[in-house]
Amino acid sequence: MAGVTGRLVRGWCLRAVRSSLQVPAQLHMSKTAMGASQKDFESAVNQMKLLKKDPGNEVKLKLYAHYKQATEGPCNTPKPAVFDLINKAKWDAWNALGNLPKETARQNYVDLVSGLSSSSDSSSQVKPEADRKQAGYETLVMTSEDGITKIMLNRPTKMNALTTQMYQEIMLALEAASKDDSTITVLTGNGSYFSSGNDLTNFVISPDELEERARRGAILLRDFVGCFIDFPKPLVAVVNGPAVGISVTILRLFDLVYASDRATFHTPFSHLGQTPEACSSYTFPSLMGPAKAAEMLIFGKKLTAAEACARGLVTEVFPDSTFQKEVWTRLKAYSKLPRNALRISKQMIRNHEKEKLHAINAEESRILQERWQSDECMNAIMNFLSRKAKL
Ligand SMILES: CCCCC/C=C/C(=O)SCCNC(=O)CCNC(=O)[C@H](O)C(C)(C)COP(=O)(O)OP(=O)(O)OC[C@H]1O[C@@H](n2cnc3c(N)ncnc32)[C@H](O)[C@@H]1OP(=O)(O)O
């Protein structure tokens, strides 16, 4: 395996802390945080060994921190060096708990494990409707009003970068929206960004996991994009700010794309040692011609909203100061149109290409699976995570 991969993951000693690194997707800190006995805690630690599903780094860190706090008390070890990314992230998470009492940390750990166990009991990937409402979404805000279901990406402090959990929640949200009684479905972002694309910390893994994680990543990508290809109702992107990577390429699978004049459109795949996804290797050249598509997808040229509109990727651009008001007024009017007519017309427009898009999606995902294991890709991620490079 590539040397740089080893450096990237140095310190993420999964086996040593295995029991403390598995955290549920639905985290609920106990309000009665003093109740878990040492026996409950030990049993929770043992339960972790049986879990198969990886909940993602962000949640793993939370459980790691509570485990350390419960067993060792407040963090008083030296802060790891800035390039020791994994150990620094772990140290930060533990240190952030301050003087949280050991008993509270123990209870929180038990609660976390219990949530994870119940979520991993579910064998099907898509939960029944009632369950989903109960579980809610951690990374999205989903609302339904005036015939419009709005799915809002909700990690504003991370520029709505897409974690594994987020991809999964978006798929669940789309599935729910496809079945609800709304007319239109909207995807937008909370905060200043629409989305900064794939969360690059998704790549923080141990070297021996790389091949398997790349394989699972490719399946996730294929399924995620597949949900957009098959989405049966009018789908609208309300691009409230800059969009990067997959949050740009996916736009061609929407029926309307409204953008603030503050939005930019950036696909820096080559800079990241990666290649296009979301069918953009086919949809972009057919939309804007191969030369303009190459400028974006191969050379990573960042477009303004006006340029993206001129290339047909954006339907209409609005001044940022009136963006929300104008867009939602327009969408509310559209949502009063006959629902079935809208749906059937959308399907008539989209159905011609569906099969082809699924084949392209599968091929792009396969190619990315290889790219993610390359030195080029790992070096680029390393540079971003160590703050040597920004787009
Ligand atoms: C399984 C499916 C895979 C699909 C394949 C998809 C591919 C892609 O989407 S490729 C595109 C990937 N995205 C990027 O390369 C963007 C990386 N981010 C940046 O270059 C910058 O963060 C920025 C230009 C988007 C914003 O810069 P700035 O305004 O200076 O803000 P910060 O960099 O300080 O960001 C605040 C905070 O958010 C974190 N963050 C932002 N984007 C990402 C990201 N994509 N991945 C991980 N983290 C991200 C950033 O690290 C900061 O975090 P803190 O330092 O903890 O505050």
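The values are calculated or read from the model by the stated rules, or taken from the named source; none is laboratory data. No experiment lies behind these values; they were computed from the predicted model shown. We place every Cβ from the backbone using ideal geometry, glycine too, and count neighbours over all the protein chains shown. Ligands, DNA and RNA are stripped out before the accessible areas are found, and what is left, the full protein with its side chains, is counted by its heavy atoms. Shrake-Rupley method; radii C 1.70, N 1.55, O 1.52, S 1.80 Å.
I'd like the full set of residues that are farther than 14 Å from Gly241 by Cα and in a helix (DSSP H, G or I), limited to region 307-326.
Once the filter is applied, which keeps residues that are farther than 14 Å from Gly241 by Cα and in a helix (DSSP H, G or I), region 307-326 yields Glu307, Cys309, Ala310, Lys325, Glu326.
Please find, within region 335-391, the residue that is farthest from the ligand (Cβ to nearest atom) out of those that are basic (Lys, Arg), more than 23 Å from the chain's Cα centre (by Cα) and assigned to a helix (DSSP H, G or I).
Arg339
Among the strands (runs of 3 or more DSSP E) lying completely within region 219-305, list those that include at least 2 residues that are among the small types (Gly, Ala, Ser) and at pLDDT below 95. Let's see the steps before the verdict.
Numbers: elements: 235-239, 256-260, 264-266.
So the answer is none; nothing clears 2.
Return only the number of the condition from (1) among the aliphatic types (A, V, I, L, M); (2) within 21 Å of the chain's Cα centre (by Cα); (3) open to solvent by 10 Å² or more (accessible area, probe 1.4 Å); (4) under 26 Å from His352 (Cβ atoms) that Met288 does not satisfy.
Of everything listed in (1) among the aliphatic types (A, V, I, L, M); (2) within 21 Å of the chain's Cα centre (by Cα); (3) open to solvent by 10 Å² or more (accessible area, probe 1.4 Å); (4) under 26 Å from His352 (Cβ atoms), Met288 misses just condition (2).
Please go through region 303-324 and give me each residue that is free of Cβ contacts under 8 Å to residues at least 24 places away in the same chain and either among the β-branched types (Val, Ile, Thr) or within 14 Å of Arg252 (Cβ to Cβ) (or both), ordered by number.
Thr322
Among the residues of region 179-205, how many are surrounded by 17 or more Cβ atoms within 10 Å (Cβ to Cβ), over 20 Å from the mean Cα position of the chain (by Cα) and not aliphatic (A, V, I, L, M)?
Selection size over region 179-205: 2.
Which residues, counting only those in region 220-271, are more than 16 Å from the ligand (Cβ to nearest atom), under 25 Å from Thr157 (Cβ atoms) and open to solvent by 10 Å² or more (accessible area, probe 1.4 Å)?
Passing the criteria: only Asp261.
Provide a single number: the residues in region 102-124 that are open to solvent by 40 Å² or more (accessible area, probe 1.4 Å) and either within 24 Å of Phe254 (Cα to Cα) or at pLDDT 85 or above (or both).
3
Restricted to region 143-162, and to residues that are assigned to a loop (DSSP other than H, G, I, E, B) and open to solvent by less than 20 Å² (accessible area, probe 1.4 Å), which residue is farthest from Thr267 (Cα to Cα)? Steps first, please.
We begin by selecting, within region 143-162, every residue assigned to a loop (DSSP other than H, G, I, E, B); these are 146-147, 154-155, 159-161.
Next, from what is left, pick out any that are open to solvent by less than 20 Å² (accessible area, probe 1.4 Å): 160-161.
Numbers: Asn160: 16, Ala161: 14 Å.
Checked region 143-162; the qualifying residue farthest from Thr267 (Cα to Cα) is Asn160.
Among the candidates Thr139, Thr188, Thr149, single out the residue that is of a type in the set (S, T, N, Q) and either out of contact with any Asp or Glu (no Cβ under 7 Å at 6 or more places or on another chain) or near the ligand (Cβ under 10 Å from one of its atoms) (or both). Please lay out each step first, then the result.
Numbers: Thr139 fails: either out of contact with any Asp or Glu (no Cβ under 7 Å at 6 or more places or on another chain) or near the ligand (Cβ under 10 Å from one of its atoms) (or both); Thr149 fails: either out of contact with any Asp or Glu (no Cβ under 7 Å at 6 or more places or on another chain) or near the ligand (Cβ under 10 Å from one of its atoms) (or both).
Among Thr139, Thr188, Thr149, only Thr188 is of a type in the set (S, T, N, Q) and either out of contact with any Asp or Glu (no Cβ under 7 Å at 6 or more places or on another chain) or near the ligand (Cβ under 10 Å from one of its atoms) (or both).
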